[in-house]
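What follows is one structure encoded as structure tokens, with my remarks underneath.
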């Protein structure tokens, strides 16, 4: 009896994940990033190699400005928070609709409710982070500044051709 419930639920999860991956691929085709992430990884990796070589020689190299990400506009953070809250509400609603649909695969299956609430919790976590950044936009606390600079909460900054020597900002001898 357990297998009769488990395997169809597991296949349903696979179908949902497959649909989500297809949707994300379509969104990436609509909004191409023109290699910004790849170029940023190359720039940061190059700085890391140079920084390690300078450190091995006994010097210290301050990180350039383009290694960290910068803040987006306050409006963007607010819009993302509202969109994530709407996605969480839609996820909970669809989980309940799948649970109550007598003709569906997830009829009275706890997987439908669990998936709905799990996805909603992830969306709400992202919404809370973006709302916190929007609220404390002028002077965010140190942990929030770190998240903006190191994660996708911040916008990637690429050096221009005018910044050809931006990595050599300050080198000093280690004591």
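Taking 0.36 nm per residue of separation and subtracting the Cα-Cα distance, full extension of the segment from residue 13 to residue 65 would add 14.4 nm. With a Förster radius of 25 Å applied to the beta-carbon distance between residue 44 and residue 73, the computed FRET efficiency rounds to 0.60. Neighbour counts of C-beta atoms inside 10 Å place 69, 97 in the sequence 97, 69, starting with the fewest.
Taking the inverse of the mean 1/r over every pair of distinct Cα atoms in the range 7-143 gives a Kirkwood hydrodynamic radius of 18.8 Å. Computed extension length for residue 27-residue 53: 5.4 nm, one decimal, from 0.36 nm per residue of separation with the Cα-Cα distance subtracted. Model label points for residue 100 and residue 82, set 7 angstrom from Cα along the Cα-to-Cβ axis, are 2.8 nm apart. Put a dot 7 Å past the Cα of residue 151, heading toward its Cβ, do the same for residue 136, and the two dots end up 1.3 nm apart.
Just so you know, all these numbers are worked out from the coordinates, no wet-lab data involved. Predicted model only: the values in this text are computed from it and were never measured. Glycine also receives a Cβ, built like all others from the backbone with ideal geometry; neighbour counts cover every protein chain displayed.
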